[in-house]
Amino acid sequence: MMKPVVLGAIALLAAPPIRCQASNPSSPPSLATLEAAAQRDSLDPDALFQLAVAYDLAKRYDDAERVARQAVAVDPRDAQAWLLLASLPYERRSKLWKEVRRDRVPQEWRQAVEESDRFEHRAFLLDPLVDFRVRGTPPPKEDVLEIRDYGQETTDYLLELGLGAFGWRYLLSYSALDLYAERRYKGQPTDSIPSGLLWWRGLAAAHVNAYRHAIADIQLLLNRALKHEASDSLIQITLGTEDYQYLLGLLHERATNIGLYMAHVRLARLYASHKMWDAAIEEAQRAETANPDDPTTLLDLAAILRDAGHTADAQDALRRAQAANPRNPRIPYELGIVELQLGQSGDAKTAFTRFLSIAPSRMSGEINDAKQKLAGLP
């Protein structure tokens, strides 16, 4: 029988901070195939990410880091690539996660750990349901488990099982963590459940689409996080399934600039969906101010400005976005459309030509559209 490592798991549950790594595909394409795809579509973040994962699996960590950094340079919101970058120091040094938990990180690894924390933080704020495993926990065994009693040992094992199954078998993970909470905190108020347990159980529930249970756990965490912020207008949004990722991102560390940045992004989209253009534009501008290192905020702002009828302002935002990230093919495509609307056929031709020179094959619909628009220009 697998021995439960309860002390480590309990330490992990003491607070929400997460130590994670990207899940590995079960049967990836050959490395040569992935290298060819990435070379063919060098500005396709998905192709780059798949190649980075393959390098990681092959223990070619320098190559994995190089390609993953290329992926986030093309798409700063590629949560999986950020999470892969966060995992690499722990792949290079297998005992590093234990050293972090014991606060015994060697001096030469501290900078890597700090950078990993920043990358991990960014990944979860971009996509709180990005796929990952709990670091330091083995996958659950498939053999039959002999239970000698149904006392404390069984309860402790449920915690280990739930953490070990996370990222491998989410339904098993949720069931084990839910039963652990029921047994461990029986007869106690819900507030007695540690935040870490609510976090893992809520994420596991979300991965199996049990949104009612997931939202209940995240709502408790949100209440704790916002206990002293009753006057903050952000909490006036009614919690619903569509707000789930937004609230998780807000919860993870909403007091930081990047946390506020994702809150502004989410609010801008919510306002835009209800055609509340002034509020949507204001929130999109706040997102840009909060995280000027992400040119994608300018792309979002431009889309809202265009839909709101501010075409010239949308053009300005897109030109600034292109200057900040010339490798994002979406930007020249959108810029060409806006410049057509402004009657600037020469500028539109330049934008569409640039788009076609860098567009990855996955954007086949946009490629065909750009070719048609170019054919109609003088």
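Every number in this text was worked out from the coordinates using simple rules, so none of it is lab data. Only a predicted model underlies this, so the values are computations on that prediction, with no experimental measurement involved. Counting neighbours? That spans all protein chains shown, and the Cβs are built from the backbone with ideal geometry, glycine included.
Report Rg(Cα)/(2.2 N^0.38 Å) for the stretch 273-378, keeping two decimals. Can you show the working numbers first?
Working: Rg = 13.8 Å, N = 106, 2.2 N^0.38 = 12.9 Å.
The reported ratio for this selection is 1.07.
R0 = 30 Å: FRET efficiency of D307 with A73, Cβ-based, nearest 0.05?
0.60
Cα convex hull of the stretch 152-231: mean projected area in nm², to one decimal?
5.5
Considering the options H121, L31, P89, tell which one lies farthest towards the positive end of the dipole of the stretch 20-134, charges being +1 on Lys and Arg and -1 on Asp and Glu at the Cβ, about the Cα centre.
Value computed over the given set: P89.
Between R40 and R102, what is the FRET efficiency for a Förster distance of 51 Å, r being their Cβ-Cβ separation, to the nearest 0.05?
The formula returns an efficiency of 0.65 here.
Pulled fully out, how much extra length does the chain show between T289 and K95, if you take 0.36 nm times their separation in residues and subtract their Cα-Cα distance?
Using 0.36 nm per residue and subtracting the Cα-Cα distance, I get 66.0 nm.
Multiply the residue separation of L374 and R224 by 0.36 nm, subtract the distance between their alpha-carbon atoms, and state the gained length in nm to one decimal.
So the chain would gain 48.5 nm between L374 and R224.
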